[in-house]
């Protein structure tokens, strides 16, 4: 089930094309999000192997941003949303990346599914575990420290 479609995704993340690396939000839980993303031939993070390491890392980070944006915007009442369309999703920054492993690279036309789980949160800082899947096989994983701005 898709919670946020590709047509509405930009309301929930601070990135814009051509640097937008998430298409949909399919799962939202308090400490977890799952997104999908289809690799297109004009993606700026393609390299000779396909969707690059930088692309997969950015996709994991944007899935985390999507989680934060969805949580933030869902916290705004419908009356506020109707009268204040300038409400923006929070901006986050990658503080560190640990234990990154990629076993395969998605190709143009492939759709990846990315799961992020928030393992620890203190204030505006979170430690997340990200995993990228293609056809139910995990193709990349890492731990990231993410910091949200106020």
>> Checking residue 56 against (1) at pLDDT 95 or above; (2) loosely packed, with under 15 Cβ neighbours inside 10 Å, only one condition comes out false. Which one?
In response: (2)
>> Name the residue that is surrounded by the fewest Cβ atoms within 10 Å (Cβ to Cβ), counting only residues in the range 1-31 that are in a helix (DSSP H, G or I) and in contact (Cβ under 8 Å) with a residue 40 or more places away in the chain.
In response: 11
> For residue 135, which of the numbered conditions (1) more than 17 Å from the chain's Cα centre (by Cα); (2) touching a residue at least 12 places away in the same chain (Cβ under 8 Å) fails to hold?
Replying inline: (2)
> When residue 139 is evaluated against the numbered criteria (1) surrounded by fewer than 18 Cβ atoms within 10 Å (Cβ to Cβ); (2) more than 17 Å from residue 33 (Cβ to Cβ), which criterion, by number, is the only one it fails?
Replying inline: (1)
>> One residue is enough: does the range 32-42 have a residue meeting the conditions surrounded by fewer than 18 Cβ atoms within 10 Å (Cβ to Cβ), on the phi < 0 side of the Ramachandran plot, at pLDDT below 95 and not in a helix (DSSP H, G or I)?
In response: no
> Does the range 122-144 hold any residues that are touching a strand residue (DSSP E or B) at 6+ places or on another chain (Cβ under 8 Å), assigned to a strand (DSSP E or B) and over 11 Å from residue 102 (Cα atoms), and which are they?
Replying inline: 125, 126, 127, 128, 129, 130, 134, 143, 144
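The values are calculated or read from the model by the stated rules, or taken from the named source; none is laboratory data. This is a predicted model, so every value here is computed, not measured. No Cβ is skipped: glycine too gets one built from the backbone with ideal geometry, and neighbour counts run over all protein chains shown.
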